[in-house]
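The values are calculated or read from the model by the stated rules, or taken from the named source; none is laboratory data. Everything numeric in this text was worked out from a predicted model, so none of it was measured. With ideal geometry, Cβ positions are generated from the backbone for all residues, glycine too; neighbour counts draw on all protein chains shown. To get the accessible areas, we keep the full protein, side chains included, count just its heavy atoms, and leave off ligands, DNA and RNA. Shrake-Rupley method; radii C 1.70, N 1.55, O 1.52, S 1.80 Å.
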Amino acid sequence: MTCQGSPRPLDALFDPRSIAILGASDDSSKWGHTLSRRALESSGDRPVFLVNRRGAAVHGRATHRTLGDACTAYGTSIDLVVVCVPATGFAEAVADSVAAGARAIVAITAGLSESGSAGARIEAEAVAIARAAGVLLVGPNCLGVVDTTTELQLSHDLLAPGSVAMLSQSGNLVLELGELMARRSLGISRFVSLGNQADLTVVDFLESCLEHAETRAVAIYAEDVVDGRAFIASARALVGAGKPVVLLAPGRSPAAARSAASHTGSLTSTSRVVDAACVVAGIHRVENPTQMVDLLEGLLGERRMHGPGVAVLTDGGGHGAIAADTLAAVGLESPMLELPTRTELLDRLWESSVVSNPVDLAGAGERDPMSYARGLSTLLAAEEVDGVLMTGYFGGYSNTSSSLAEIELAAAGVIADLVTDQAKPVVVHTIHPDSPSGRVLRSAGIPVHRHVVRACDVLAALVERRGVSEEDCLALPPAGTAVTDTSYAGSRALFAAAGVLFMPARTVRDGLELRAALDAPGMQFPLVLKATGTLHKSEGGGVVLDLRDQAQAVAAYVAMVARLDPPAVSVEVMADLAAGVEVIAGCVRDPRFGPVLMVGMGGIFTEVLADTAVALAPVSPGGARRLLLSLRGAPLLLGARGRDPVDLDALAAVVVRVSQVAASHPELDQVELNPILASSTGAVALDARVVAMRGPDAVPSGVGSLRCRHAR
């Protein structure tokens, strides 16, 4: 999975030779006023030109009536134009910027595609003008750009310099993030308000961060990634270069628009597709700005956990127990410490200490705060420990005037040195995070938190992730011959051509065809009748099972036709369901990320069980196996309660073929096999379904398809 084409050079945007504010204003309520002030105050050595169509002074500075006048005064073209004009004048403003020789445009103007078709037409016209001239355009409907490494500050507030690139479709959210980061002594290398992404998209800015030496991590708030596969490729490149990517993406709701079409659609939510994309890309997904800053602080450190084993160090049983539960909730472990480690802890602590894990000082901390340092030293040296969580009261004594305050401060210094001199991460949860001792730890790069959940989230983010191999993120194949027959028989034929096995079947439309089918070679009782033309055949009596002879089959057919009047009926040999496990495998086509695979425990209770896993398609055989084994029902596949294990390789092969069918047929919106009967002898599909795309105006919205309604 690779990016297409070469990254667009963005130097004209982040390091322009000159700046013009088109729509500069002396009205403090307007963006032309705010950005004029920001440009004048924070432009470095760049010339700044204010353009006001009435020629009125702005911030006490003379203005130019047109960009042309500004160019004449400057004696050459203007590199970067910030457009702050009403929507009706946007296309003209872009044309004027191009005529003035601009290499980049930051479009603050709102009321365009986010507001309806009329605004979308104006936006499209302006973008066409910019692209024809090779001019970069950010927005529209954005709140500016910042590059602290070049002293460019074109946003509402001054942002403190640092090493995090912030790419956001919300301007006000960045103000909150900037304030939260400042509390942790973190800052911004670059900020881009993405707006409508009519020209430059989040992918362009991700690519630019790869070569930007001052950027060490990337934080993203995005409602629309525009090109999901390119987004993943760019993020993977950053992660591979040691620059972690943290994503805050809204949309934890199901894709209800698809629920009527298939089981796969109803069980593949927009948010789960984002999660699947994050797994492939190595992105850390967070739920809120606070968690984003927590993870950025931890990830910007050099220490990582090589495994999930966390030692908990506390001076209270309650804090230790809660910490162990919280670690388990985020996928980490609190393993029993090995005997040599326990022995050393007992030697270095006191006889009442609990040293199994959690390690409970059991009151020793309030007698001698240095016991925290001695315990931590032993735990960091233990091979079975990948990281340490200190939790509880540490820091409280330095807030007091007791004799323990000085000892605790000294212990904090020792702890800081211990952590600095080795490679394992330590995260602290304490009742007193802002105490003098807490500040000593934080100054050494140790994350310190008031809430244990936040501390555990950081530790979980610091576990070195298994590298996603190229095999696990296969490129989309060339499109195959378009599918035109989406009937039940056509669906079976499509999957059969891909190598999926089915039970023998015949399609019949009248009584004569039924009798011929019953006598056909390969057809044997018991049989199943299925009414075609309905998405969920088992509902409404569309499936009749266990027909033992010809008389039963004929009677069932006559009754089904009288009841449902289906276009056709499929007569199929009935599989022995007791001999295997029913599994579902299907794909839906997301408008941003393309085909998305879902596997789960199948059959008529698929939605009830809701035991599913999601990945981007196509998948490799190894990826299919991992998805299947991630299900809660995986023990059934492996032979629970004395049952024979299923042929997992055969089942994974069917899942792979489903993903390949979806990936090679972009004209199909959904494909599904449900159920697949997996047994010890192989895997056979018992039902098939495909759904064609319904046209560009009717495609249901999926992940990342929301347009940014307003930049704020």
Can you pull out every residue in the stretch 115-148 that is of a type in the set (Gly, Ala, Ser) and surrounded by fewer than 20 Cβ atoms within 10 Å (Cβ to Cβ)?
Ser115, Gly116, Ser117, Ala118, Ala120, Ala124, Ala128, Ala132, Ala133, Gly134
Just to be sure before I move on: is Arg53 modelled with pLDDT of 95 or more, over 22 Å from Leu159 (Cβ atoms), among the charged types (D, E, K, R) and exposed (fewer than 15 other Cβ atoms within 10 Å of the Cβ) in the structure I sent?
no
List pairs: first residue in the stretch 645-658 and assigned to a helix (DSSP H, G or I), second residue among the polar types (S, T, N, Q) anywhere in the structure, Cβ distance under 8 angstrom, at least six positions apart or on different chains.
Val656/Ser620
When the stretch 631-680 is checked residue by residue, the ones that are closer than 13 Å to Gly600 by Cβ, surrounded by fewer than 24 Cβ atoms within 10 Å (Cβ to Cβ) and within 27 Å of the chain's Cα centre (by Cα) are Leu631, Arg632, Gly633, Ala634
Which ranges mark the strands (runs of 3 or more DSSP E) fully within the stretch 519-594 that have 2 or more residues being touching a residue at least 24 places away in the same chain (Cβ under 8 Å) and open to solvent by 50 Å² or more (accessible area, probe 1.4 Å)?
543-547
Among the numbered conditions (1) open to solvent by less than 20 Å² (accessible area, probe 1.4 Å); (2) more than 24 Å from Lys243 (Cα to Cα); (3) in a loop (DSSP other than H, G, I, E, B), tell me where Gly307 comes up short.
(2)
Tell me, yes or no, whether the stretch 660-676 has at least one residue that is farther than 28 Å from Ala475 by Cβ and not β-branched (Val, Ile, Thr).
yes
So which residues in the stretch 395-415 are open to solvent by 10 Å² or more (accessible area, probe 1.4 Å) and of a type outside the set (Ser, Thr, Tyr)?
Asn399, Leu404, Ala405, Glu406, Ile407, Leu409, Ala410, Gly413, Val414
May I ask you to list pairs of residues, at least six apart or on different chains, whose Cβ atoms are under 8 Å apart, with the first in the stretch 137-152 being touching a residue at least 40 places away in the same chain (Cβ under 8 Å) and closer than 11 Å to Leu13 by Cα and the second being part of a strand (DSSP E or B) and open to solvent by 10 Å² or more (accessible area, probe 1.4 Å)?
Val145/Arg190; Val146/Gln153; Val146/Arg190; Asp147/Arg190
How many of the residues making up the stretch 180-207 are open to solvent by less than 20 Å² (accessible area, probe 1.4 Å) and in a helix (DSSP H, G or I)?
5
Among (1) touching a strand residue (DSSP E or B) at 6+ places or on another chain (Cβ under 8 Å); (2) at pLDDT 95 or above, the one test that Thr341 misses
(1)
What is the number of the single condition among (1) farther than 30 Å from Gly445 by Cα; (2) modelled with pLDDT of 95 or more; (3) touching a helix residue (DSSP H, G or I) at 6+ places or on another chain (Cβ under 8 Å); (4) not small (Gly, Ala, Ser) that Glu207 does not meet?
(1)
Of everything in the stretch 17-27 that's outside any strand (DSSP E or B) and open to solvent by less than 20 Å² (accessible area, probe 1.4 Å), which residue is farthest from Gly171 (Cα to Cα)?
Ser18
I'd like to check something: does the stretch 441-457 contain any residue that is part of a helix (DSSP H, G or I), open to solvent by less than 40 Å² (accessible area, probe 1.4 Å) and modelled with pLDDT under 95?
no
Determine which member of the set Ala498, Ala555 is modelled with pLDDT of 95 or more, of a type in the set (A, V, I, L, M, F, W, C) and farther than 29 Å from Ala692 by Cα.
Ala555
For the stretch 314-425, which fully contained helices (runs of 4 or more DSSP H) count at least 1 residues that are closer than 16 Å to Cys456 by Cβ?
317-329
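Could you say whether any residue in the stretch 564-575 is farther than 30 Å from Val202 by Cα, over 21 Å from the mean Cα position of the chain (by Cα) and modelled with pLDDT under 90?
No: the stretch 564-575 contains no residue that is farther than 30 Å from Val202 by Cα, over 21 Å from the mean Cα position of the chain (by Cα) and modelled with pLDDT under 90.
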Subset of the stretch 278-298 (residues that are at pLDDT below 95, open to solvent by less than 20 Å² (accessible area, probe 1.4 Å), out of contact with any Asp or Glu (no Cβ under 8 Å at 6 or more places or on another chain) and in a helix (DSSP H, G or I)):
Cys278, Ala281
The residue that is farthest from Gly228 (Cα to Cα), considering only those in the stretch 599-610 that are open to solvent by 10 Å² or more (accessible area, probe 1.4 Å) and under 25 Å from the mean Cα position of the chain (by Cα), is Leu609
Subset of the stretch 618-644 (residues that are in a loop (DSSP other than H, G, I, E, B) and either over 23 Å from Ala276 (Cβ atoms) or among the acidic types (Asp, Glu) (or both))
Gly639, Arg643, Asp644
Given the criterion more than 22 Å from Ala455 (Cα to Cα), of a type outside the set (Gly, Ala, Ser) and open to solvent by 10 Å² or more (accessible area, probe 1.4 Å), identify the matching residue among Glu344, Glu384.
Glu344
Among the residues of the stretch 158-179, how many are crowded, with 18+ Cβ neighbours inside 10 Å and assigned to a loop (DSSP other than H, G, I, E, B)?
3
